[in-house]
Structure formats: structure tokens, C-alpha cells
Amino acid sequence: MFQDLRHSLRLLRRSPVFTAVAVLVLALGIGANTAVFSLVNTLVLQPRQGRIDQLVAVFDRDRDKPSEYQNFSYATYRDLRDRSGIFDALMAHSFTTVGVRDGDLTRQAFATLVSSNYFTTLGVGLGAGRPFTADEERPGSDARVAIASYALWRRRGFDRGFIGSHVTINGADFAVVGVTPAGFGGPFAFVSPQWWLPLGAYDTITNPLFKDRSTSLADRRNHALNLAGVLSPGTTASVAAQRLDAFAKALGAENPDTDRSRTFLTSRLPRMTISSRPQDDGPLTMVGALLSLMAALVLVVACLNLANLLLARSAARRREFAIRQALGGGRARIVRQLLIEGLTLASMGAAVALVASWWTASALAASLASIMTFGVDFIVTPSPRTAIAAIGFAVLSTVVFALGPAWSVSRLEVTNDLKLAPRDGRHRMRTASILAVGQLALSLALVAAGGLFARGAVEAMRIDVGYPVARQIAVSVDPSLAGYDETRTRSVYRTLLARLRALPGVEQASFASTIAFGDVQIDGRVSTSATGDFVQAMSDVIGADYFKTLDAPLVRGREFSAAEESDASGEPPAIIDVQLARKLFGDEDPIGRPVLLRQRAADPPKRFQVVGIAPSLRQDIFETGAKPHIYVAYGDRFTTSMVLHVRTHSGISETSMLDLVNRDLRTFDASLPVVWARTLTMHREKSASMWIVRAAAGLFSAFGLLALVIAAVGVYGLKAYEVSGRTREFGIRMALGASERSVAALVLGEGVRLTAVSLGLGLLIALGIGKLLSNLIYAVSPFDPVVLTIAAATLATAAMLACYVPARRATRIAPLDALRTD
């Protein structure tokens, strides 16, 4: 075996061109699969730290309305933890964004508020420092301590003085008491908060957008927490369900005003989501399976290519194999030698693939980080599983591309092969043609899939949100990240809007709590009466002249006034869009009519008077249509995080106006946390939805491009080998009067037939893959004729170019030289 390996290395060193091409092809095929496996492993397969995978999520469901869920109050969590006897350990957590002071700037970061037993429940020890105490967990304690992520500590150079240092969060000083271990993200498999805070800080630190209600965490009606725990030893899921239901009934009897008609249940703790209702990893698994399928097809194309190359290379080594057999080497020894050569090539390709997969994972994390509007860490660490997978792909590809050719060429005719006598190569050429057809057909399917996603990305760029994005500037501001209270925040926004409206070049300015393509959407429920059915609608807090600023005029009625923007009015006004008006009032005129808005499930509905009808506006590219909206004035509903909208005069550069707005904000208040400032076009480009569409287009297009390149190389290799094997034939044809054009037409004609068969088979495969991917493709039919036509034309062009060079070589064969070949 060792001798065979040494011989393989010598042979590969003597054929640097063949070796380079083979390693490149295998690196592309194995690299695509290793990169996809690395991603799937991180999201779906890799065990989480400690005993996280043993945890179950706990949910609070309405017994009378099984489709309705809510989070837990702190009091209910404490009852379940201390009195139920169902859990070996039970922890609570909640999420928010915080403002962290960094020099002269305040940066928004993702934070988790946790119970004191959070890390022990997860079975994870801290990398340094200590966990939170029970006193720091107590609601209302306003505990000023924090635990930082390992990535933050690493960015500080593992400073030993980091533990015990202070950090300014939301304008208050917090002592850093611990650091999480490397690669820890809590229950999340790929992302990690940057800060962990105790539940005692909930009342003062949690952004109002993340609050169930404005009361303290100690309020039993404040359902703010998600729960997860480990069942007691010997407690099965069915037993836990019965005991949880009984305990929920007992709590309801003790607290009929808050816990009546509730029941508790458990479900597996998902890897990427935290929700008030049960979730699973089905979408992740489906995406992972589809990516794996596409990558596997690329590997199949690469293996078919290598099989063709090895067939051609092995045919040129007939005499070597005949000598081996004449000296007593059996057929099995020849097959083993060729398999070891293939495994050597595959190992080289796998080594390149490992580096490529690590680079791909890092590039994915960097790409995601570039669109995030708040600080979050992405957990990208080398995994032994990835190396094992690369080895497995190398061995599998060796069997696929090397075993067939090895078995075929080991059937020797010793006497004839020692003399290099001509052999009938029709069987070998037929096999090579079949392999080439397979390559081209699969490549067409992958190119078509990439084209569908690419066209989806183009369609996403054309989305109409209901108003023009040109001449629009948006600035996200959140004074609460610097510790501003309500009075100061309202004053800041009042002054800011006045300054913006007075800037030269500004045509209109206003603000809103949400924005199209944004990270946050706020749900509400609207009805015409307390006893009527509530309609789910998007809820937005806006200022005066908001629709004028967007250049989306109202259908009827009026906008909010400057007074309504600043202060609460007697009967608060509301603007509803045409969809919500139709759902609530049918064909009747809604102007002047009352509506009830329930913003949070725990809050009573509030009465508003409809003063205007707005056009339908879209918030996200994945919406099949605009959702119903209700808009209320900032004077009547306070929120800290707002997006300033500025529409410039025609002819003024958006980027120069953006610079002017940024300078004015810094001049006004240097400590004011500006989360981001962009033109609306830039904001759309940096949105998470657009990133998903572009990433899918880039990924599947890369699969298609890889397959196309590999297939073109394979066709070129096949036709070059065919031309070299038919040198005598072409020499005789030309000696008998055949022109160079007719010889070239002969070679190209065979290439055309090969390509035509491949296109027919490939279109059928492409239709099947398109149907399989239909749920993931944005706004494009999986049977799009334009994409299929372009894909077929691209592949045909590449195949014919690959045939052209060997055809030209065939026309340059000198008849006398060709006739001397024997």
C-alpha cells in the first residue's frame, strides 16, 4: 500500500497539469459540500454546550383558546421553579437591546436578561468570573452587574482587568462580573448576545418595544419571560404534561384574576428561535437538506468529470498496466493502485476544501454582521466534524470517480497492450459520452436553479412599498440607549424635528416607530367595539406630515397636526389604511368613527377616532401583499426608538444631505444614540430580507457556476481525448480530400448531439429542482421560461466553446504525421 502511495505521488508530480486540474475540480466539489456541511452542522447538528440539548421549553397556553399563548410572569416562573417538583432545574430569560457606551459613541447591542440559575440550568460554567446571585435576580433590585460574551473579552485582548471593570449601559454604570465560555450563545446555535444582565435590571434596562406591559416585573400580569428547564430524573414527557396541567389548574385556583384558564406544556428547545409558542427546527432542516442536495449535485458533476479524465489518462497507460500484469501483478493490484491515486487526488482536494469551508463560514458571519443594526456575536469555530466530513467526501468521491474507470481499464489484453496495438475504443467513448451527458444535464439544472434565485433578487429590487424610495433619508434614533427619560426624549424629538424641517434642502420631515425593510414590526388588534371581533393590524406611531414626507398622500381625511405630534389630545386621533377600513367598516365612511386598539394582550383596549384613510404600504419584501395598518400620533403613545424620515428637494444629492443631517445631529447632541443613518435606498439594500434574497441568489448561482465550469472542463477533456485517439482517422480523411472545415464540423457536430441530449435531460431535471425549491424562490415561477432559456443557452455556449478548441486542433493534423502513428 505504501509503495502504491509513493508511486501515485511520483506519477502525479510528473503530470502537473492533470494533477492541478483534478485537484481543482475535486476542491470545488468537495469544498461546496464541506462548506454546506459546516453550515448545516452549526445550525442543526452540532451539540450545544453543557446540557442545553436536554432542555425543554415551557409554554403558557390559554385552556379555552388553544391557539393563544403568552409568556410567563416572574411570579409564575418562581412558582413553577420552587413548588411544582417537575423540573430538576428551571431558568427564565428575556431579551432586549441596550446602548453600550464606547468612547464618545453609544452602540446598540443584543442583551439577555436571565435568572440567577441560568448557567447552572444550561450546565455551562463561566469562562471567568461569577454568575448572578438570587438578590440580583429579584425584581426591582436594579442590579448593576453584567456578564460579557467571550467574543467581547477577546476583542479587548483578554484583558485581566476586564472582570471588575465598569461599562456604561443605557446611561448607567454596570460592573462586569463574568465572561461566558468560548463558543457559548445560550440556547442559540449560531448567534450570541453580547451581554447578559440579571432579571433585577428588567424594569430599568428593557427597551419598551420588548415589554409586555409597562408595569414592574413583579406584577403577575406582566408576562415577560421565556422558560426552559430540565425535567426531574424519571419524569417522562407524558408525565410532565399531566403534572403541568394539574399545577396550572392549582395556580388558577390560587390566582383567578391572572392565571385562570391557563395550562402549561413543554416542547423541545429549538436551536435558533425563542418564542411564546412552540417552534421546531423544521425550516432550518429543510433549508439544510436543500443546500446539501445542491452541493451533492456539484460533487456528482465533479466526480463524473474526474471519471472521464481518469478514463482518458488510464487509456494512455495501457502499456504500464500490461507490464505489471505480465510480471505477475493481478487485476486487484492494478485497481488498488488506481484507487490510491484517486484517493491521493481527493485528499489534496479535501485539504483545499477545508480551508475554503472555514473561509466561507467566516465570510457568512462577516456578511451577516454588516447588515445588523445592533451588536451581536456570530459563533464560528472550527469543528472536528467538518474535517471528518471532508475526509468522508474525499473517500466517497474516490469510490464514485475512480472505481469504475479502474475496473474498466484493468481488463487488459496483455499481448496487444504490450505492443500498443489499436483497440476498439467505441465502448470507452460511449461510456465517456454518457458521463459527459450526465455532467451537462446536472449542470443545466444547477445553472437554472441559480438563475431562478438571481431573478428573484432582481424582482426584490423592484418592489413597490407604496411610495418612492428616491430622495428619502432615514435615521434611527433611540435616546433610551443613553438613559434619557420620557420627558427628555419627547423634548429631544420635538427639537430634532424642528431643526430637520428648517435645514436647507429639506422638503418634508417626520418620524415613525417602524420603517419598511426594518428589523421591528409592531402588531396590534383593532375593533369597532369592545364586544366585536378584533382584527390584527400593524401598529405604527408617527408624527405630523408623515405621509407627505413619504410622498404617499392620504386617500381621505387629514394627517396628524403638530400639536397631536407633541402632546396627548382629548380624544386621540388615528389613521387607518384602506385595507383596515374595509375590514372594519366595509363600504361605510370611517372618518369620524371610533376604533379600539389593543396594543398589548395584557392591556385594555384604547379608544381612538379615525381622522384619515391612508394608502396601503408594504413593510417587507416577503409580504405577499400590504398588511392592514393603524397609525396613532406620537403625542398619544410614547415610544423611545423612532426613525426620522427626511425628504429632500428635487435635484439635491441624497448622500450630501445625509452628511448634513449627520452633522446636525452631532451638533445638536453628541451623546444622542444614532443607531443608523442611511438613504432609503441604502436601507433597503442592507435589510435582512434583502440579504436573505441576495445570499440565496449568490449561493445557488455559485453552485450553478461551479457545475458549469466543471462540466465545461469535462467536455473539453472528453473531446480532446477523442481527437487524440482519432488522429489516424482524421489524417486519412484529410489525405482523401476532406477539408479542414468538414473535419471541424464532424467534431463539432458530435459535440452538438452530445449537448442536445444533455439539454433535454437537464431541462427535465431543472423542472424537478425548480418545483422542489418553489417555496424558497422570491416572486418567480419555478418554471420561468426566460430563466430556463438563458440557462440552456449558457450551458450550450459553454459546451460548444469546450468543443471548439479540440475541433481546431483536429483541423491542424498533418496527414503524413497522422499516418506514421503506427
Selected residue (criterion: surrounded by the most Cβ atoms within 10 Å (Cβ to Cβ)) from residues of the stretch 373-408 that are within 24 Å of the chain's Cα centre (by Cα) and in a helix (DSSP H, G or I): 390
Output for the stretch 147-190, where each listed residue is without any contact (Cβ under 8 Å) to a residue 12 or more places away in the chain and either closer than 19 Å to residue 483 by Cβ or hydroxyl-bearing (Ser, Thr, Tyr) (or both): 165, 166
Some residue of the stretch 545-568 being among the acidic types (Asp, Glu), buried (at least 22 other Cβ atoms within 10 Å of the Cβ) and not in a helix (DSSP H, G or I): yes
Residue among 469, 475, 458 that alone is without any contact (Cβ under 8 Å) to a residue 24 or more places away in the chain and within 24 Å of residue 686 (Cα to Cα): 458
Residue check, residue 654 without any contact (Cβ under 8 Å) to a residue 12 or more places away in the chain, open to solvent by 10 Å² or more (accessible area, probe 1.4 Å) and farther than 30 Å from residue 440 by Cα: no
Members of the stretch 145-166 found to be closer than 19 Å to residue 107 by Cβ and buried (at least 19 other Cβ atoms within 10 Å of the Cβ), listed by number: 146, 147, 148, 149, 150, 151, 152, 153
Among the residues listed as 18, 87, the single one being on the phi < 0 side of the Ramachandran plot, open to solvent by less than 40 Å² (accessible area, probe 1.4 Å) and modelled with pLDDT under 85: 18
Subset of the stretch 519-544 (residues that are open to solvent by less than 60 Å² (accessible area, probe 1.4 Å), small (Gly, Ala, Ser) and closer than 20 Å to residue 581 by Cβ): 524, 527, 529, 532, 537, 539
Check on residue 650, of a type in the set (Gly, Ala, Ser) and either out of contact with any Asp or Glu (no Cβ under 7 Å at 6 or more places or on another chain) or assigned to a helix (DSSP H, G or I) (or both): yes
Candidate set: the stretch 659-690, residues that are over 28 Å from the mean Cα position of the chain (by Cα) and hydrophobic (A, V, I, L, M, F, W, C); chosen: the one surrounded by the fewest Cβ atoms within 10 Å (Cβ to Cβ): 670
Residue in the stretch 123-141 that is under 32 Å from the mean Cα position of the chain (by Cα), at pLDDT 95 or above and under 30 Å from residue 489 (Cα atoms) present: no
Test: residue 478 is among the charged types (D, E, K, R) and touching a strand residue (DSSP E or B) at 6+ places or on another chain (Cβ under 9 Å): yes
Conditions (1) part of a loop (DSSP other than H, G, I, E, B); (2) of a type in the set (D, E, K, R); (3) modelled with pLDDT under 90: number failed by residue 219: (3)
Qualifying position, being over 30 Å from residue 30 (Cβ atoms) and open to solvent by less than 50 Å² (accessible area, probe 1.4 Å), among 750, 740: 750
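The values are calculated or read from the model by the stated rules, or taken from the named source; none is laboratory data. Keep in mind it's a predicted model, so treat the numbers as computed, not measured. When we count neighbours, we look across all protein chains shown, and the Cβ atoms used for this are built from the backbone with ideal geometry, even at glycine. Just the protein is used for accessible areas: all its heavy atoms, side chains included, with ligands, DNA and RNA removed. Shrake-Rupley method; radii C 1.70, N 1.55, O 1.52, S 1.80 Å.
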